[in-house]
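The values are calculated or read from the model by the stated rules, or taken from the named source; none is laboratory data. Bear in mind that the values here come from a model prediction, so they are computed numbers and not experimental data. So basically every Cβ, Gly included, is an ideal-geometry build from the backbone, and we count neighbours across all protein chains shown. What goes into the accessible areas is simple: the full protein's heavy atoms, side chains included, and nothing from ligands, DNA or RNA. Shrake-Rupley method; radii C 1.70, N 1.55, O 1.52, S 1.80 Å.
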Amino acid sequence: KMTLPLALVALISAFGSSFQYGYNVSVINSPAPYMQDFYNRTYLERTGVPMDRGFQTLLWSLTVSMFPLGGLFGSLLVWPMVNNCGRKGTLLINNLFSIAAAILMGTSELAKTFEVIILSRVLMGIFAGLASNVVPMFLGEMSPKNLRGAVGVVPQLFITIGILAAQILGLHSILGNAEGKAVAQGLSRAAQGEDFPQLTQCCDLAAGWPVLLGLTGIPSLLQLLTLPFFPESPRHLLIQKGTEEQARRALQRLRGRQDVDDEIQEMYQENLSEKEEGQFSVLSLFTFRGLRWQLISIIVMMAGQQLSGVNGVFYYADRIFESAGVHSSSIQYVTVSIGAINVVMTLLAVFIVESLGRRILLLAGFVLCSASCALLTLALNLQSTVSWMSYLSIVCVIAYIIGHAIGPSPIPAVMITEMFLQSSRPAAFMVGGSVHWLSNFTVGLLFLYMEAGLGPYSFLIFCAICVATVLYIFFIVPETKNKTFMEINRIMAKRNRVEVQESKELRDSYPLSRQEEKKSLSSSEM
């Protein structure tokens, strides 16, 4: 059952880490014009000449793309950090990146420096790269097998809540309108013959965006203050640290009961079956035959998740709605409503992942995404000739978001936790995370060129990727719901055609449970 400590640790780690990943993905979309204006003004004040258009585009591209690049660096830190500092320790240290970046971004305008914003985006990326891998690992290792899927989807739920929060706070009526009014006043004064510095002052008064960027430090601060009161991952304590007593105490607290012998025994079994292999590095993960299909599966699922065009659809959404006749001033509210659909469908995934299973959600999600992409291509091509096609394109966007939110977005990270045992899991997350961020970066980089060259047909490429991923999952990926890590390991061992190290000495190596100790004591007294 779900206990209060488990629920709290899931909420604190997801709000403190995953929420900020989502928040920083979309936080710069809304204030982009104001930030670019700030880049211009700062450059003008320093050099006395306005910024070259090409240079401004380059700076803005760097501001956007440094986040996924930082994410890749963060993913590369996963293996050394979780093995040396533990799962909880890594999350706590990680907060320092976020707090430093929040302070730098929040004060960037006062300091009149735009370079700091670009540096902070790298720091936030490193934070998100670590968070997006360590939170699912931490929560997956803490959850009982019947709740592992539901708890594993919680980080993705908070990523979508973070995206929505940034969209809502970025509305022109919240952290936008004050700026707009002040700038407008400044312009009207300038038009009446007042001097230029007054306009600059007005713009300075107006900036709500540093607050918007700096807010990201608050969840980190909360996590830094509360997470130390919760236990470390019991599997890490027992299998990697070898401290059974601490692991037992952590489990008793998380499960809300004293008798946790079954789980302790399962951990010993896992530990024993892995003794021969030792700790996996990324290199040994790629060369070890016993994990071949698991590794291919996570690479396919993580690449499929990002290359299925989710960023492209979000990017296109505004224009699709505009072409359907939605007024340009209302588009930001439409974007918020898409963000809300994303949250609601991910919340639904939390509740259905244990009953329907992982496989069904992945397959259904990718099938819905591929159908939406194919129809979207058709609708975008015909909307100039057939009037109602623009409404079909809106339906396609919403269907795509629903499909992605129930399967492709939340499930791959859950599957990495489940398909790997303790010794190989950090290296697996490092590989999965790197594929995730590289694919994200690639789509961000290439989509503008694809769209310029292919127009609506670029969605056919995404459609093909979704279909390929569906076929792979259908034939290769097993159902993992309600199975222990060892049971999943046995299923995959058959696929890899290797023997699982099952141990008969398990009973000897596993310390006697408290009840057995009592029994042997009472029988010796008789």
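Cα-Cα over 23 Å: which of 88/494; 1/483; 88/481; 1/494?
Those over the limit are 88/494; 88/481; 1/494.
Calculate the tail of P(r) for region 259-386: the fraction of all Cα-Cα distances greater than 23 Å, expressed in %.
59
Could you provide, to the nearest whole Å², the per residue accessible area of region 1-158 with probe 1.4 Å?
Value returned for region 1-158: 34 Å² of accessible area per residue.
Just to check I understand the Karplus step: with θ = phi - 60° and J = 6.51 cos²θ - 1.76 cosθ + 1.60, what whole-Hz values come out for region 401-412, glycine and proline as x?
4, 4, x, 5, 6, 7, x, x, 6, x, 6, x
Once the Cα atoms of helix 53-107 and of the chain are each reduced to a long axis, what angle between those two axes, in degrees from 0 to 90 to the nearest 10, is obtained?
Long axis of 53-107 versus the principal axis of the chain: about 20 degrees.
In the P(r) worked out for region 333-406, what percent of Cα pairs fall beyond 19 Å?
Distances greater than 19 Å cover 42 percent of the Cα pairs.
What chymotrypsin sites (Phe, Trp or Tyr not before Pro) in region 323-399 are in a loop by DSSP, with at most 12 other Cβ atoms within 10 Å of the Cβ?
Passing sites in region 323-399 are 388.
Hey, with R₀ at 41 Å, roughly what FRET efficiency would residue 3 and residue 279 work out to, going by the Cβ-Cβ distance, to 0.05?
The calculated FRET efficiency here is 0.85.
Would you mind giving the three semi-axes, in whole Å and largest first, of the ellipsoid equivalent to the chain according to its Cα gyration tensor?
46, 27, 19
For the chain, what does -39500 (n - 2.57) per DSSP helix run (n ≥ 4), summed and divided by total residues, give at 222 nm, in deg cm²/dmol to the nearest 500?
Here the helix-only value at 222 nm equals -25500 deg cm²/dmol.
For residue 252 and residue 387, compute 0.36 nm times the residue count separating them, minus their Cα-Cα distance, and round to one decimal in nm.
42.4 nm
Leaving ligands and nucleic acids out of the surface, order 477, 498, 49 by accessible area at 1.4 Å, largest first.
49, 498, 477
For the chain, which whole percent of the accessible surface, found with a 1.4 angstrom probe, sits on carbon and sulfur atoms?
The C+S portion of the solvent-accessible surface of the chain is 67 percent.
Please list, short to long, the whole-number percent of alpha-carbon pairs of region 7-102 in consecutive 5 angstrom bins beginning at zero.
Final binned percentages: 2, 10, 16, 20, 15, 12, 9, 8, 5, 3, 1, 0.
How compact is region 284-511 by the rule of thumb for globular proteins, expressed as Cα Rg over 2.2 N^0.38 Å?
1.17
How large is the accessible surface per residue of region 284-511, computed with a 1.4 Å probe and reported in Å² as a whole number?
41
Could you report the accessible area of residue 352 in Å², rounded to 10, computed with a 1.4 Å probe on the protein chains as they sit in the structure?
Its accessible surface works out to 40 Å², give or take rounding.
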